[in-house]
Amino acid sequence: MTNELKPIRTKADYEKALAEVERLWGAKSGTREGDRLDVLATLIDAYEAEHYPMEPPDPVEAIKFRMEQQGLSRKDLEPLIGTRTRVAEVLNRKRSLSIGMIRRLHNHLGISAEVLIRPSQKEKAA
């Protein structure tokens with residue numbers, strides 16, 4: 001085991017850190033190996049955030065995911081989005097979310113407002 005920890009700057013450093021994490025996986029917290037595992041995980045997170053950033057989800061996909069998680073139907077969205085037709089238009093990407101819809105979806109379903117204000121995939125293509 002290498003004693004010195006360094007920032008992950010290259011793909012080779014990253015792969016070496018991943019291999020060491022795999023070797024240390026399951027180390028008890030508070031032990032020397034456990035502490036090393038925690039530090040390596042933090043370094044890997046920082047490298048991945050810079051080199052492999054993740055786009056926030058599409059708002060319609062976020063709504064559908066939350067519906068699935070909570071066992072909601074389209075009818076359950078009517079108080080938040082509007083009529084049955086309006087819900088269908090939003091979920092089929094034919095209508096954008098209004099500020100009121102975004103607020104209600106955020107407050108009642110806990111979907112991040114940052115995700116909901118993003119353009120949907122169809123809007124991005126236009």
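Each row is one residue, and each column tells you yes or no for (1) of a type outside the set (Asp, Glu); (2) exposed (fewer than 15 other Cβ atoms within 10 Å of the Cβ); (3) under 30 Å from residue 11 (Cα atoms).
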site	(1), (2), (3)
48	no, yes, yes
57	yes, no, yes
68	no, yes, no
81	yes, no, no
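Of the residues in the stretch 16-24, not one is surrounded by fewer than 14 Cβ atoms within 10 Å (Cβ to Cβ), among the acidic types (Asp, Glu) and assigned by TED's automatic domain parsing to the domain that holds residue 93. Residue pairs whose Cβ atoms lie under 7 Å apart, separated by 6 or more positions or on different chains, with the first residue in the stretch 11-27 and β-branched (Val, Ile, Thr) and the second surrounded by 12 or more Cβ atoms within 10 Å (Cβ to Cβ), are 21/37; 21/40; 21/41; 21/44.
Going residue by residue through the stretch 71-89, is there one that turns out to be within 21 Å of the chain's Cα centre (by Cα), among the acidic types (Asp, Glu) and within 22 Å of residue 119 (Cα to Cα)? Checking the stretch 71-89: not a single residue is within 21 Å of the chain's Cα centre (by Cα), among the acidic types (Asp, Glu) and within 22 Å of residue 119 (Cα to Cα).
Applying the set (1) among the aromatic types (Phe, Trp, Tyr); (2) touching a residue at least 24 places away in the same chain (Cβ under 8 Å); (3) in the same structural domain as residue 119 (by TED's automatic domain parsing) to residue 47 leaves exactly one unmet item: (3).
The values are calculated or read from the model by the stated rules, or taken from the named source; none is laboratory data. What you are looking at is a predicted structure, and each value in this text was computed from that prediction instead of being measured. Positions of Cβ are generated from backbone atoms using ideal geometry, with glycine treated the same way; all protein chains shown enter the neighbour counts.
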